[in-house]
Amino acid sequence: MSQVHERALSRIGFTELVALLHQVFVSHGTSPKVAATLAHNCASAERDGAHSHGIFRIPGYVSTLASGWVNGKAEPVVTDVASGFVRVDAGNGFAQPALEAARPLLVEKARSAGIALLAIHNSHHFAALWPDVEPFAEEGLVALSVVNSMTCVVPHGADRPLFGTNPIAFAAPRADGLPIVFDLATSAIAHGDVQIAARKGERLPAGMGVDSLGQPTQDPKAVLEGGALLPFGGHKGSALSMMVELLAAALTGGNFSFEFNWADHPGARTPWTGQLLIVIDPGKTAGQSFAERSQELVRQMHAAGLRRLPGDRRHRTRAQSDALGIEVDAQELARLRELAGQ
Ligand code: NDP
Ligand code: PYC
């Protein structure tokens, strides 16, 4: 007989959740400025139902800060490298405050040159990637970002893990609607979702991972304990993951996913790598405006029968959260209050 465990759920407003998470981060060693950025990022993911990178990640942030692996008070150093190239040394801190520090210069360059690149290195990214690109599209720009993570993916045709789960996120404005945004791991499944499946006692879909002997498995624990993930789409996803390593690490000056060693920092969970953003001003496009062209593409996709665009589910969940409050597990919320010292 299967047992169903009922979870008690609570609701919390976005502003209240941001304030609670801010307190958690500050209590565990970040500066108030870094806390503000991370709290907003994490609460946004929870609000949008991006559960693998919402409050589920808080224990990982806390244990990482306690381990001394990351500098929660780092001050990013922004360098104006060339007409279309901005570099940030995140100072062994989080990537999002580095992006925030470089953002005004990046946008100024993108608007004047038509395109600009931001290379962040010496950084830790432990979050969803769409919050990094969506705001650019909200102000009429096209943005693409890649970040590499930690070795846990076997390149297609290889024998052992090397790549990270290496997500790619893209955002573009459109004339009559929310920006078009997608954000996807280049592994068949995000590492966070494997952890969630293991915690819930659920099996993975077929074709996502292998066990410690390299044999296909649908047991998330076998993947996490000595096993590995596979790229999505065989050689195609593997090539994209390789591209992410090159752009996010080699081009930025950050670590490849296999280059850092956190063994001396028990509790460390945040990959110490790099992140690349490319921002384009579509105002330079010839002919009809880009936003009208992207609207036309969406119209044709819907006319072809498409019901769900990437981002639709997230925005539906966001609307629900805005109307009713963000739905969170009551136990997890109580744990957050404890971590905040409340
Ligand atoms: P998903 O596979 O859940 O979704 C990928 C994208 O496809 C999303 O934009 C999603 O939109 C869209 N989508 C999903 N299903 C459909 C569908 N049926 N029809 C149309 N569109 C669809 O994401 P992943 O599991 O690959 O990644 C989850 C998160 O993990 C990402 O935010 C990623 O950035 C993060 N991550 C972060 C890493 C890091 O190092 N920081 C490493 C790896 C992953 P929607 O959101 O609306 O569902
Ligand atoms: O879910 O794969 C993932 C991930 C890695 C680093 C942060 N998230």
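Every number here is computed from the coordinates shown, using simple stated rules; none is lab data. All figures in this text were calculated on a predicted structure; none of them were measured in a lab. Using ideal geometry, Cβ is built from the backbone for each residue, glycine included, and neighbour counts are taken over all protein chains shown.
Would you please give the FRET efficiency between A263 and E296, computed as 1/(1 + (r/R0)^6) with r the Cβ-Cβ distance and R0 = 35 Å, to the nearest 0.05? According to the calculation, E is roughly 0.10. Extension gain for the segment D329 to Q218, taken as residue separation times 0.36 nm less the Cα-Cα distance, is 37.4 nm to one decimal. Its Cα centre serving as origin, the range 142-211 has a Cβ charge dipole (Lys and Arg +1, Asp and Glu -1) of approximately 100 debye. Using 1/(1 + (r/R0)^6) with R0 = 30 angstrom and r between the beta carbons of R307 and R199, what's the FRET efficiency to the nearest 0.05? Calculated transfer efficiency: 0.45. Less than 5 angstrom separates the built amide H of V153 from those of L162, F163, L229, all sequence-distant by 5 or more or on a different chain. For N92, no residue 5 or more places off, or on another chain, has a built amide H under 5 Å of its own. In order along the range 301-313, the Karplus-derived 3J(HN,Hα) couplings, from 6.51 cos²θ - 1.76 cosθ + 1.60 at θ = phi - 60°, round to 5, 5, 5, 7, x, 5, 9, 10, 8, x, x, 4, 4 Hz, and Gly and Pro are given as x. Take the alpha carbon atoms of the range 1-77, find their center, do the same for the range 207-249, and report the distance between the two centers in whole angstrom. Using only Cα atoms to place each centre, the spacing works out to 26 Å. Packing order of peptides 8-19, 272-283, highest average first: 272-283, 8-19 (average count of other Cβ atoms within 10 Å over each peptide's residues).
For each of W130, W69, count neighbouring Cβ atoms within 10 Å of the residue's Cβ, then give the residues from fewest to most.
Numbers: W130 26, W69 20.
Ascending number of Cβ neighbours within 10 Å: W69, W130.
With the charge dipole of the chain set up from +1 on Lys and Arg Cβ and -1 on Asp and Glu Cβ about the Cα centre, the Cα lying farthest toward the positive end among the listed residues L336, A222, Q288 is that of Q288.
Residue-normalised convex hull volume from the C-alpha trace of the chain: 155 Å³ per residue. Spacing of the modelled spin labels on D80 and T15, each 7 Å from Cα toward Cβ, amounts to 3.7 nm. For K33, the lysines whose Cα falls under 22 Å of its own Cα, not counting residues fewer than eight places away in the same chain, are K73. Projecting the Cα atoms of A82, S241, V24 onto the dipole axis of the chain, where Lys and Arg carry +1 and Asp and Glu carry -1 at the beta carbon, places S241 farthest toward the positive end.
Each Lys and Arg adds +1 at its Cβ and each Asp and Glu adds -1 at its Cβ; summed about the Cα centre, the range 1-136 shows a dipole of about 60 debye. Taken about its Cα centre, the chain carries a charge dipole of about 380 debye when Lys and Arg each add +1 at the Cβ and Asp and Glu each add -1 at the Cβ.
When D159, D48, D219, D193 are sorted by how many other C-beta atoms sit within 10 angstrom of their C-beta, beginning with the fewest, the order is D159, D219, D193, D48.
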